Structure formats: C-alpha cells, structure tokens
1. Just grab the label-to-label distance for Ala48 and Leu148, each label 7 Å out from Cα along the Cβ direction, in nm (one decimal).
2. Counting pairs of Cα atoms in region 51-126, how many percent are more than 18 Å apart?
3. Lys and Arg at +1, Asp and Glu at -1: add these up for the other residues within a Cβ distance under 14 Å of Pro61 and post the number.
4. Please list the radius of gyration and Dmax for region 92-179, considering alpha-carbon atoms only, with Å as the unit.
5. Taking just the alpha-carbon atoms of the chain, what radius of gyration and Dmax come out, in angstrom?
6. Would you mind giving the average projected area, over all directions, of the Cα convex hull of region 1-120 in nm² with one decimal?
Amino acid sequence: SDVSIDPSATATRVRVLAFQNYIHVFYYKAGIIYVRRISTSSPSAFDAAVATATNVNTTTPNYDVLNYGEARILIATNYQTSAGIKMTFIDVAGAVYTSTYPAVVVGTEAGYACVSLILGDLNKIYLVYQTATPLLRCVILNAGLTVLRSAFTLNATASLVVNVTGYVRNDLTGVDVIYDFANAVIENMNDRITDTYYIDSVECLKSNIVE
C-alpha cells in the first residue's frame, strides 16, 4: 500500500538511492536533509527518519546523493553556514562519518538549480553545480574528500541548468558531463573532462525542449 514518507506533507526534493540491501529515500524539509530506508530483502515498513545533513541553504536547497561503491553514501548540499557545497559521507543507517571521513566544504554557493555528484574514473568524485553568477562549475575530489582540482568553469552560460548527470568514459580517462538548459535557446551540452583536468571537447546534443 502507499506510504507517506513525511506525514506533515512538507517534504520536497526527493531522491531515491539503492545502497547495500536497502532503498533509501532522501528528502529536504526546513533546512535539513532526511533519509528513510526500507529493506529489500525483507520489506515491511520504512525506518524512522534520520537527519543526515543540517544547515542546508533554505533559499536554494540543492543537494545530491551518491552510492560510493557500496561502501558508503556521499551527500553534497548547498550549505547555509558557509558559501559553498558541503560534502558528507554517511553509513547505511544514515549516521554521519565524523572522524574517518570528515566533512569538507568546497566551491562556492550553488545559487541556481543544480548540484550533482558523479563517480568517475579511479573512484574520483566529480561535483558539478551552478552558481548564482551563473557559472556551471566542477570540483574533483578523491575518496577521502581531498580536493584534487579546485573549482573550474564548465560553462559560463547565463541560462539556468536544470539537470546534470554524467558517466565514466570508456577509456577510463575522465567523465562526460551532460546537462540540460531550462530554455530552448541553447541546446543540451556534453562536456568532456579528461584525467588531466581540462575540457578537451564540447559538443551539442539535440534538445527535445520546445519553447
């Protein structure tokens, strides 16, 4: 039967993630990212909500979650306390790693509509977000959340980016980042980031968006 994840009906920005033997449902409410999970091996009821990230920007509460190799979950949130993106690892129960994998704040505020995490080659983490300027920016980190490459610009367009995703290149030398614009004036884009941390090609993809 149907289940209400948030009985108060104020939850927004839902993300669903399969991790280990659970389905995790993340959502935003009043400056906090919560998660509830249900077992896939013996599903009966959702566990109670756990607050996994606090001090989320209440004006633009952008965030993303990533299954980091079935070992832990990474959360990236637009951070209220500092103008940047907070990166936090949590375990299967939603508990935050505080000492083994301490949280870091990188980049600048994601003032527009997107924050996206991409697991790249050699387990590198690619954080892509759009600033209020607006610039579509990328930060590259390793498994310990040490910054390998500080924020650099993928696209300086003035258009709102509404969706970002990506995948590892077949030759394992980087990732391809794909994103959509909110309007149809500019076509969807594909930026290729190589292992040497520069964009070696940019190509347009035909957009299905109609003005």
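1. 4.0
2. Roughly 36 percent, rounded to a whole number.
3. Net local charge, Pro61 excluded: +2.
4. 13.7, 40
5. For the chain, the Cα radius of gyration and maximum Cα-Cα distance read 17.3, 50 Å.
6. 7.8
Any read-out appearing in this document is the output of simple, stated calculations on the displayed coordinates, not a laboratory observation. Everything quoted here is computed from the prediction, not taken from an experiment. Cβ: placed from backbone, ideal geometry, glycine included. Neighbour counts: every protein chain shown.
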